[in-house]
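The numbers here are math on the coordinates, done by the rules we state, and not lab data. None of the values given here were measured: they were computed from a predicted structure. Don't worry about glycine lacking a Cβ; one is built from the backbone with ideal geometry, like all the others, and counts go over all protein chains shown.
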Amino acid sequence: MVNSKACILIVEDDEVDIMAIRRTLKKTNITNPVHIAKDGIEALEKLRSKAISSPYIVLMDLNMPRMNGIDCIKEIRADNSLRRTVIFALSTSKDEKDKLNAYDCNIAGYIVKSNIGDEFENAMKMLEQYLKVVELPNE
């Protein structure tokens with residue numbers, strides 16, 4: 001059984017990508033509560049206000065207005081109440097430097113958005129398995 005208590009926060013500024021992610025989550029039978037934030041600032045507001053119950057799985061776009069994904073991840077990691085958040089980075093970049101910057105922030109994985117489709121569906125199947133197997137702490 002999938003860990004249905006984990007809330008998924010999609011941090012993405014592109015509506016088409018949000019729809020594709022939602023569609024893929026549904027197709028892979030991930031029925032966890034899904035929340036949306038349009039940038040890093042909105043994501044931090046939602047997480048800090050407890051508008052989303054923990055534990056959290058965050059799918060974080062890296063290129064966004066106001067606050068990009070890397071800066072948001074750094075803020076999450078610096079916040080004692082959020083630092084255990086599981087974060088997967090989403091990016092259009094395949095650049096090694098971008099991957100290293102994201103992994104330096106202790107992300108769980110780096111997913112290239114140009115792979116949205118079959119490969120992205122495989123990534124979401126991996127997330128489904130992750131939610132089935134991994135025990136997440138209640139904060």
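Sort largest first and round to whole Å: the equivalent ellipsoid semi-axes of the range 1-46, each the square root of five times a Cα gyration tensor eigenvalue.
For the range 1-46, the semi-axes come out at 20, 15, 5 Å.
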For the range 17-112, the Cα-Cα pair-distance distribution in 10 Å bins from 0, as whole percents, is 15, 51, 31, 3
Could you check which residue among GLU96, GLU45, GLU128 shows the biggest mean-square fluctuation in a GNM of the chain with a 10 Å Cα cutoff?
GLU96
Scan around ILE87 for amide H atoms under 5 Å from its own, H built in the peptide plane at 1.01 Å from N, and keep only partners 5 or more places away or cross-chain.
VAL58, ALA108
Take every Cα-Cα distance within the range 54-105, group them into 10 Å bins from 0 onward, and report for each bin the whole-number percent of pairs it holds.
25, 58, 17, 1
Can you tell me which of SER81, SER91, SER54 moves the most in a GNM of the chain? Springs connect C-alpha atoms under 10 Å apart.
SER81
Per the 1/(1 + (r/R0)^6) rule, R0 = 30 Å and r from the Cβ atoms of VAL16 and GLU135, FRET efficiency to 0.05 is 0.30
Those trypsin sites (Lys or Arg not before Pro) in the range 30-139 that DSSP places in a loop and that have at most 11 other beta carbons within 10 Å
LYS50, ARG83, LYS94
With the contact rule set at Cα under 8 Å and sequence spacing of 6 or more, what percent relative contact order holds for the range 43-139?
26
Most fluctuating residue given options MET64, MET124, MET19, as computed from a GNM of the chain linking Cα atoms under 10 Å
MET19
